[in-house]
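A single structure is presented below for examination.
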Amino acid sequence: MDSSQSSTQVNKAKIEQYKIFKQRKDRERIPIANQYNTISFISSGTYGNVFKATKKNGHPKIYAIKKFKPDKEGEAALSSGISQSACREISLCREMKHENIVFLEQVILDPSDRSIAMVFDYAEHDLLQILQHHLQTERKGIPDYTVKSFLWQILNGVSYMHNNWVLHRDLKPANILVTTDGVVKIADLGLARLFQAPIYPLYHGDKVVVTIWYRAPELLLGSRHYTKGIDIWAIGCIYAELLMLKPLFKGDEAKMDAKKTIPFQKDQLTKIIDVLGFPTTDRWQEIEYMPEYEKLKTLKHNTQNNLKHLYQHQTYFPKVESGFNLLSMMLEYDPHKRISAENALKHPYFLEQPRPSQK
């Protein structure tokens, strides 16, 4: 027997051993349906489905079960593993322990279909639902003390993440959960990832991050070295939306072509320029080095910053100068000039009455 035949036999033996091991582990695992009673369907996405459930032991506590779709069927599933997004979310959620970040109760590998499920503490609402309720049902703005409380808690959770070298990368109202007690829980860490100092390229392998309306200008301009500032920009957009009950920069996303080429996001950048004015080198010194800078120069050079006008005239309730100051510091074009989450928590806006509820 030559060495190649011997190697093949060894590999076959290892595969058989692995199959036996997997079968034994599957017999030990308890299916989700044997552990939880499904109450209702919550939502779905490309990743899978989310359900509302309680444990079968009779305890009344409610959970949200996020069940990922199996990657493959049959034999290939034995070694295919789970998606990068699911792995990332599971690993980070296991490490993130904070009052304003959703708590991961359990991870289940269901032997019935080899799907992965994450069991979270249940939160009754999200900011998108709250925004829609105030816009369509209440038809009035969210009270200023509630806005301040939501904003403080979002910053509190993101400050914890950033201090632990984690970028969320997909902050938007639908990913900010709120309990009936008014406690904010930042959710959906599927796009989150670790970063280092000094910042190294994060663009490779992650061609699209952050939903378009909340995407920072450096991402829209193709930056390959982005920072914690991308989360701060998104929070600024969320803050403005809580005040206005509508997205601040509601652009149309240009989709990738068949070659998966990332398109220039002309409409989204135009929406930002309409509010903040054109980003000059005085405001953002490094903008000339952005990959999409030449295309940016073809857009209209509106120099007027209309953010303060919007803050004063298109938001609900009397507005204070400190609130605008904080908003403008979050929406700086230059990511290095944006206020950090940690410093934002100390901003005078949160020291003035009404003080934010810090759940």
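Since every read-out is calculated from the coordinates, none of them should be taken as a lab result. In this text, all values refer to a predicted model and were calculated from it rather than measured experimentally. Using ideal geometry, Cβ is built from the backbone for each residue, glycine included, and neighbour counts are taken over all protein chains shown.
Volume per residue, Å³, of the convex hull around the alpha-carbon atoms of the chain?
Details: hull volume 64.2 nm³, N = 359.
For the chain, the hull spanned by Cα atoms encloses 179 Å³ per residue.
Can you sort HIS225, HIS162, HIS59 from fewest to most other Cβ atoms within 10 Å of each residue's own Cβ? Intermediate values should be presented prior to the final figure.
Details: HIS225 13, HIS162 20, HIS59 8.
If I rank by nearby Cβ atoms, fewest first, I get HIS59, HIS225, HIS162.
Just the C-alpha atoms of the stretch 286-346: what Rg/Rh do they give, with Rh taken as the Kirkwood radius? Each step should come with its number before you reach the end.
Working: Rg = 14.8 Å, Rh = 14.0 Å.
Expressed as Rg/Rh, it is 1.06.
Which is the longest stretch in the chain that no exposed loop site breaks, taking sites as GluC sites (Glu not before Pro) with a DSSP loop state and at most 15 other Cβ atoms within 10 Å? Please report the intermediate quantities before stating the final value.
Numbers: sites that count: GLU73, GLU99, GLU124, GLU253, GLU352.
Longest stretch, sites excluded: 125-252.
Using the Kirkwood formula over every pair of different C-alpha atoms, what hydrodynamic radius in Å results for the stretch 233-359? Walk me through the numbers before you get to the answer.
Details: mean 1/r = 0.0614 Å⁻¹.
About 16.3 Å, per the Kirkwood formula over Cα pairs.
So how do TRP165, TRP213, TRP152 line up by other beta-carbon neighbours within 10 Å, fewest first?
Working: TRP165 12, TRP213 19, TRP152 22.
Fewest-to-most ranking of TRP165, TRP213, TRP152: TRP165, TRP213, TRP152.
Mean separation of Cα pairs under 8 Å and 6+ residues apart, divided by the residue count of the chain: what relative contact order is that in percent? Don't skip to the end; give the middle numbers.
Working: 557 pairs, mean separation 51.7, N = 359.
Averaging sequence separation for qualifying contacts and normalising by length gives 14 percent for the chain.
Can you give me the C-alpha center-to-center distance between the stretch 139-172 and the stretch 81-99, rounded to a whole angstrom?
20 Å
Provide the net charge surrounding THR281, with neighbours chosen by a C-beta distance below 12 Å and charges set as Lys +1, Arg +1, Asp -1, Glu -1.
Numbers: positive: ARG283, LYS297; negative: ASP282, GLU286, GLU288, ASP334.
Charge balance in the 12 Å sphere: -2.
Around ASP126, which amide H atoms from residues at least 5 apart in sequence, or from another chain, sit under 5 Å from its own amide H, with H modelled in the peptide plane?
VAL178
What spacing in nm lies between the two simple spin-label points modelled at ASN163 and PHE317, each 7 Å away from Cα in the Cβ direction?
Result: 2.7 nm between the two label points.
For the pair ILE15 and LEU128, what calculated FRET efficiency results from E = 1/(1 + (r/R0)^6), where r is the Cβ-Cβ distance and R0 = 35 Å, to the nearest 0.05? Could the numbers behind the result be given before it?
Working: r = 47 Å, r/R0 = 1.33.
About 0.15, to the nearest 0.05.
Please compute the volume of the convex hull spanned by the alpha-carbon atoms of the stretch 236-305 and report it per residue in Å³. Don't jump to the answer; show the numbers that get you there.
Working: hull volume 7.8 nm³, N = 70.
Cα-based convex hull of the stretch 236-305, divided per residue, equals 112 Å³.
Mind checking Rg over Rh on the stretch 157-306, alpha carbons, Kirkwood formula for Rh?
Working: Rg = 15.8 Å, Rh = 16.5 Å.
Dividing the radius of gyration by the Kirkwood radius yields 0.96.
Rounded to the nearest 10 degrees, what's the angle between the helix 3-28 long axis and the longest principal axis of the chain, both from Cα atoms, 0 to 90?
For helix 3-28, the angle is close to 70 degrees.
Trypsin sites (Lys or Arg not before Pro), restricted to the stretch 266-330: which are DSSP loop and have at most 16 other Cβ atoms within 10 Å? Could you put the intermediate results ahead of the total?
Working: sites: LYS266, LYS271, ARG283, LYS295, LYS297, LYS300, LYS308, LYS319; in loops: ARG283, LYS297, LYS300, LYS319.
Passing sites in the stretch 266-330 are ARG283, LYS297, LYS300, LYS319.
Something else: Around GLU241, what is the net charge, scoring Lys/Arg as +1 and Asp/Glu as -1 over all other residues with Cβ under 12 Å from its Cβ?
On the way: positive: LYS172, LYS246, LYS250; negative: none.
Net local charge, GLU241 excluded: +3.
Just want the ordering: HIS125, HIS309, from fewest to most Cβ atoms lying within 10 Å of their own Cβ.
Numbers: HIS125 14, HIS309 11.
Lowest count first: HIS309, HIS125.
Roughly what angle does helix 321-330 make with the longest principal axis of the chain, taking Cα atoms, 0 to 90 degrees, to the nearest 10?
Taking Cα atoms only, the helix is inclined about 50 degrees.
Further question: Treating the angle as unsigned and between 0 and 90°, give the value, to the nearest 10°, between the Cα long axis of helix 229-244 and the longest Cα principal axis of the chain.
Result, in degrees: 60.
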